[in-house]
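Input: a single structure, listed below in structure tokens.
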């Protein structure tokens with residue numbers, strides 16, 4: 001059979017649930033906005049890099065605080081737009097070849113594990129799951145890009161001495177770049193953005 005066979009009452013329940021969840025999230029974001037607690041909005045308002053550096057040295061952004069700012073953008077509580085990007089990068093040596101697929105198809109219980117299966121298991125450890133959040137203003141000179149991968153937000157064995165963090169580049173760190181240019185660079189291969197600030201976070 002083709003087409004959507006989901007019962008109408010299930011669709012209605014799903015819509016109502018989604019509306020209720022978003023409504024709760026918007027109410028929380030609105031409360032944070034009205035009480036001056038949107039932590040990203042505070043970052044957006046700085047016009048001097050030195051002051052921004054001092055501020056981010058004092059904060060740790062939680063997952064709920066980050067999402068409140070996103071919802072505030074979506075609900076047009078603040079004059080910023082938001083774009084998100086999810087990307088996955090797998091090291092070249094872990095890509096599955098036709099030879100690997102052939103070996104997997106011939107695998108039998110009790111025989112040594114084919115190399116291809118070991119590649120698949122290693123992929124979960126070595127792949128890079130990259131996320132980018134671009135916030136931009138109607139004024140094209142005002143923009144902020146937060147980005148991170150799964151290793152950046154790990155509390156343990158983090159490569160940054162202060163632990164779990166986000167990377168931030170914006171119109172102060174890169175005053176000669178536009179939001180469009182930076183977003184394009186972010187999507188060009190496996191990006192290594194330079195000149196980013198580190199912002200402590202607690203996403204786990």
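Could you please give the count of residues in region 60-78 that are part of a loop (DSSP other than H, G, I, E, B), surrounded by fewer than 14 Cβ atoms within 10 Å (Cβ to Cβ) and in contact with a strand residue (DSSP E or B) (Cβ under 7 Å, 6 or more places away or on another chain)?
0
Could you run through region 166-198 and say how many residues are farther than 14 Å from residue 133 by Cα and not in a loop (DSSP other than H, G, I, E, B)?
3
Looking only at region 131-150, decide whether some residue is closer than 17 Å to residue 200 by Cα and part of a loop (DSSP other than H, G, I, E, B).
Within region 131-150, the first condition is being closer than 17 Å to residue 200 by Cα, and the residues that meet it are 131-133, 144-150.
This time we only want the ones that are part of a loop (DSSP other than H, G, I, E, B), so: 150.
Yes, region 131-150 has at least one match.
Cβ-Cβ under 6 Å, sequence separation 6+ or interchain: first residue in region 22-48 and more than 16 Å from residue 67 (Cβ to Cβ) and assigned by TED's automatic domain parsing to the domain that holds residue 137, partner surrounded by 11 or more Cβ atoms within 10 Å (Cβ to Cβ) and at pLDDT 85 or above. Which pairs?
Pairs that qualify, where the first residue is more than 16 Å from residue 67 (Cβ to Cβ) and assigned by TED's automatic domain parsing to the domain that holds residue 137 and the partner is surrounded by 11 or more Cβ atoms within 10 Å (Cβ to Cβ) and at pLDDT 85 or above, are 46/52.
Looking at 43, 84, 120, 10 in this structure, which one is within 19 Å of the chain's Cα centre (by Cα) and either modelled with pLDDT under 90 or in a helix (DSSP H, G or I) (or both)? Spell out the reasoning first.
Details: 84 fails: either modelled with pLDDT under 90 or in a helix (DSSP H, G or I) (or both); 120 fails: within 19 Å of the chain's Cα centre (by Cα); 10 fails: within 19 Å of the chain's Cα centre (by Cα).
Going through 43, 84, 120, 10 in turn, the sole match is 43.
Can you confirm whether residue 48 is in contact with a helix residue (DSSP H, G or I) (Cβ under 7 Å, 6 or more places away or on another chain) and surrounded by fewer than 17 Cβ atoms within 10 Å (Cβ to Cβ)?
Numbers: in contact with a helix residue (DSSP H, G or I) (Cβ under 7 Å, 6 or more places away or on another chain): no; surrounded by fewer than 17 Cβ atoms within 10 Å (Cβ to Cβ): yes.
Against the criterion (in contact with a helix residue (DSSP H, G or I) (Cβ under 7 Å, 6 or more places away or on another chain) and surrounded by fewer than 17 Cβ atoms within 10 Å (Cβ to Cβ)), residue 48 does not qualify.
The values are calculated or read from the model by the stated rules, or taken from the named source; none is laboratory data. Quick caveat, the model's predicted, so the values are computed rather than measured. Every residue, glycine as well, gets a Cβ built from its backbone with ideal geometry; the counts of neighbours run over all protein chains shown.
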